[in-house]
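Here is the structure we will look at, set down as C-alpha cells.
The values are calculated or read from the model by the stated rules, or taken from the named source; none is laboratory data. If you're wondering where the values come from, they're calculated on a predicted model, not measured in any experiment. Cβ: placed from backbone, ideal geometry, glycine included. Neighbour counts: every protein chain shown.
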C-alpha cells in the first residue's frame, strides 16, 4: 500500500458484557485502529459497555448469528472506505497483540486474507475434542481444495483487504461462516495464508458450540462447501458476484 491503510477492527458480540470492555482496551493498547462492535441482539449490557468505551456500535434487532453479524461489519467497512478489516471475538480469547501479525502480509501486498492459527503457535491449544476434531477435518478438506496447508480453518481471528471487504459485504456465508469464507476467497482467486497466534481462555460467557453442535456444525458446513464448489468461480473485484 502506498499510504497508511485505514484499519477497522470488527468485534461480533452476543452477550459478551463480561469481556467486551477488556477486549476493546486490549485492542487500543496494541494498535491504532478504529473499532466497531456489532451487537447480535444481546440481552445483557454488551452494547452499553461498548458505547461507554467510546467505540461505534451497530445493534442488530435480534440474534441473527455470526454470518449476518460479520456481514454487517463488512458493509460498514465498505461504506466507510476502510482498506483492511480485522475480525476478533468479543470473548477475549484472541490476543490483540497478534493483530499486527495478521496485518503485515496484507500491508506488504503478499496476501488478501490472513488467518490466525492457534495450531501453529508454540503454545499448545487445548479445546473441546469435538471442536478440535472438526477443525482438523475442515482444515484437511480445505488444504486439498486450496492446494496449500491450512491448520485452523475455523479460526475467527482474521484480516482481509479491501477486495475481500467488498466481496464479503455483498455475499457472506451464513451460520458458521469461517470455513466457507476461506473457500469463497480462494474461488475468487484471492490469496490466503495463516500466521501463528496464541489464544486465552474465554473472558466470560459461554461458547455456542457444544460437542453435539460440533456434529451438526460439521454436517452443515460440508453441505455449504458443496454449494460453494458447485457455483461458478467468483469474479475478481469490480465485477458482480452471482447472488445466492
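Looking at residue 144, is it outside any loop (DSSP other than H, G, I, E, B), within 20 Å of residue 65 (Cβ to Cβ) and modelled with pLDDT under 90? When the stated conditions are applied, residue 144 does not pass them. In contact (Cβ under 8 Å) with a residue 60 or more places away in the chain and surrounded by fewer than 16 Cβ atoms within 10 Å (Cβ to Cβ), is that true of residue 80? Yes: the conditions hold for residue 80. Residue 5 fulfils the conditions (1) in contact (Cβ under 8 Å) with a residue 40 or more places away in the chain; (2) surrounded by 17 or more Cβ atoms within 10 Å (Cβ to Cβ); (3) part of a loop (DSSP other than H, G, I, E, B) except for a single criterion, (2).
Just so you know, in the stretch 188-207 the residues that are modelled with pLDDT under 90 and surrounded by fewer than 19 Cβ atoms within 10 Å (Cβ to Cβ) include one that is nearest to residue 138 (Cα to Cα), and it is 207. Taken over the stretch 53-74, the criterion of being at negative phi and either within 14 Å of the chain's Cα centre (by Cα) or free of Cβ contacts under 8 Å to residues at least 12 places away in the same chain (or both) is satisfied by 66, 67, 68, 69, 70, 71, 72, 73, 74.
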